[in-house]
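Just so it is clear, none of the values below were taken in a lab; they were calculated from the coordinates. The shown structure was predicted, so the numbers you read here are calculated from the model rather than taken from an experiment. Every residue, glycine among them, receives a Cβ derived from its backbone with ideal geometry; neighbour counts consider all protein chains shown.
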Amino acid sequence: MRGDKAYSSRAIRSYLRSRGIKAVIPEPDDQKGHRKRRGSRGGRPVSLDKADYKNRNVVERQYCHLKQWRGLATR
């Protein structure tokens, strides 16, 4: 699953992990600070495949294209 920083919560990550889905979501700066402040109890840093993350705009552009199509527009 590709997502932006807004979807980087512990609940979402644990749900995806339990379902066996690899998350490609960057960690926001404030969460990095919180994790580092906790030291060894903070856990490991979040892994991120940057090349895969850059491709998330393909899906977002397709949704925008569909939303602008007047034949599919809903009111």
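What are the semi-axes of the equivalent ellipsoid for the chain, taken as the square roots of 5 times the Cα gyration tensor eigenvalues, largest first, in whole Å?
Values: eigenvalues 201, 31, 29 Å².
After scaling each eigenvalue by five and taking roots: 32, 13, 12 Å.
Return the lysines within reach of K50: Cα separation strictly under 23 angstrom, same-chain partners fewer than 8 residues apart disregarded; answer none if there are no such residues.
Cross-link targets: K5, K22, K32, K36.
Among I21, I12, rank each residue by its count of other Cβ atoms within 10 Å, from fewest to most, as a rough exposure measure. Present the calculation step by step, with values, prior to reporting the outcome.
Details: I21 11, I12 15.
Final ranking by Cβ density, sparse to dense: I21, I12.
Tally Lys/Arg at +1 and Asp/Glu at -1 over every other residue whose Cβ is under 10 Å from the Cβ of S47; what's the total?
The answer is 0.
Please list, in order along region 38-45, the HN-Hα scalar couplings obtained from phi with the Karplus expression 6.51 cos²θ - 1.76 cosθ + 1.60 (θ = phi - 60°), rounded to whole Hz, x for Gly and Pro.
Whole-Hz 3J(HN,Hα) from phi for region 38-45: 6, x, 5, 7, x, x, 7, x.
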